[in-house]
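Remarks on the structure that follows.
The values are calculated or read from the model by the stated rules, or taken from the named source; none is laboratory data. Please read all numbers here as calculations on a predicted model, not as lab measurements. Note that each Cβ is placed from the backbone with ideal geometry, even for glycine, and that neighbours are counted across all protein chains shown.
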Amino acid sequence: MDDEIYEISSELYEEYDYSSNSKPIVNSKNVVSKFLFKLPNYSIEDKEGDMLVPRKKSDNEFIELGRYKDIPHLCLDKIVNISEHSYCTTLNMVGLQIWRGALLLADWLLHNGKAFTKDEYILELGTGVGLTSIVASMFSPVICTDIDRGDIFKIIRANVDRNKHFSKYPVDVLELDFMSQNLSERIVSLLPKINTVIAADVVYDDSLTEAFVKTVQKLLDIPPKRSILIALEKRYVFTISDCDTCAPCYDYFLEKLKILKNVSIEEITTDFPQYFKYDRCKELVLWKITSKL
C-alpha cells in the first residue's frame, strides 16, 4: 500500500473539450489541447507590431489557446496557441498540468495589461507549463521560474518558442526552488526591475506552502516596493474528526500568511471579466501581498 503511486489529474480536462490534433514535441506520451480565450476590449500589439484587435463581444468569439496534455507546451501564431503538458501526474509533478488558478491569473493579467510597461519585469513563481508567463509576455518582459526537475524547463522553453509570435516581450526561464535557503544572485540582480510577482496553484502541500511563504518574504524584503498576486483554488475535503468539510491546505496557507512582516495583505475580488473558457467557480481566490518599504 505504501509503495503505491497515486496520480492526480486536473479537473479542467473534464469541464470542456480542449482536445487538439497537434502532436507533442517534448514527449511522445504527452497530448495537445486547446484553451480558448477572448481578447480584452483594448488593443494589444504582437511581437511584429501587428494589432490583435478584439472582435465583437460574443460567447463564441474566443481565440484558441492550445496546451499539451502530459508535458506543457504552448504555441500561438497570432491567434492559435498550443501548449504541451501532462494529463495526469504524481503530486510532486502537478506543475506539468494546467489548473484553474493559472487561468484565473491569466484573466487578471489580460484585464490589467495596460498597467504594465516594457521597462519592468513580471516574475512568475512555480511557472509549471508556462501558460501564465506567456500571457504576461504580451505586456512586459517575463522571468518565469520553477524547479529544474524532469522535463519542466524543456516544456517551458518549448511553449515559449511556440508562442514567439504571440509574445511581445522576451521570456527568460530561471530556476527558483522554494526550498532553497537563498535567492539566486541572478534573481536578486533582477529584483530592482520587478514590480509584480505572480504565482498560481502553488498551495497543495503544507511543507511546500511554508517554503513558498518564506520565499515571498525574501522577495518582498528587497527594495523597491512590489506586489505578489497569488491565485489558487480552495479544495475541500471531508474529515472524520470534524464530521464536516474543510479546506486544510488553504487554511494552512492563510495561517502562514500571518507570519509575514512589513506587508499588506488583501483578497482581490474575482469579478473582473473572464477571457479564458473555464469554470470560474466560487472556490477560486486571488490574494495580493504588497511590501511596505
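Is there a residue in the range 230-246 that is at negative phi, surrounded by 14 or more Cβ atoms within 10 Å (Cβ to Cβ) and without any contact (Cβ under 8 Å) to a residue 24 or more places away in the chain? Looking for residues that are at negative phi, surrounded by 14 or more Cβ atoms within 10 Å (Cβ to Cβ) and without any contact (Cβ under 8 Å) to a residue 24 or more places away in the chain, one finds at least one in the range 230-246, hence yes.
Exactly one of these conditions fails for Asp177: (1) closer than 23 Å to Tyr275 by Cβ; (2) in a loop (DSSP other than H, G, I, E, B); (3) at pLDDT 95 or above. Give me its number. Only one criterion is unmet by Asp177, namely (1).
Comparison of Asp206, Asp201 shows that the only residue that is touching a residue at least 12 places away in the same chain (Cβ under 8 Å) and out of contact with any strand residue (DSSP E or B) (no Cβ under 8 Å at 6 or more places or on another chain) is Asp206.
Taking the range 93-105, which residues are in a helix (DSSP H, G or I), at pLDDT below 95 and in contact with a Leu (Cβ under 9 Å, 6 or more places away or on another chain)? Answer for the range 93-105, where residues must be in a helix (DSSP H, G or I), at pLDDT below 95 and in contact with a Leu (Cβ under 9 Å, 6 or more places away or on another chain): Arg100, Gly101, Ala102, Leu103.
Per-residue answers, yes or no, for (1) assigned to a loop (DSSP other than H, G, I, E, B); (2) acidic (Asp, Glu); (3) surrounded by fewer than 17 Cβ atoms within 10 Å (Cβ to Cβ); (4) at pLDDT below 95:
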| position | (1), (2), (3), (4) |
| --- | --- |
| Val197 | no, no, no, no |
| Thr209 | no, no, no, no |
| Val213 | no, no, no, no |
| Val216 | no, no, no, no |
| Pro224 | yes, no, yes, no |
| Cys249 | no, no, no, yes |
| Phe253 | no, no, no, no |
| Ile265 | no, no, yes, no |
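The residue pairs whose first member lies in the range 113-124 and is more than 10 Å from Pro141 (Cα to Cα), whose second member is of a type in the set (Val, Ile, Thr) and outside any helix (DSSP H, G or I), and whose beta carbons are closer than 9 Å, counting only pairs six or more residues apart or on different chains, are Gly113/Ile44; Ala115/Thr196; Glu124/Val142; Glu124/Ile143; Glu124/Thr145; Glu124/Val197; Glu124/Ile198.
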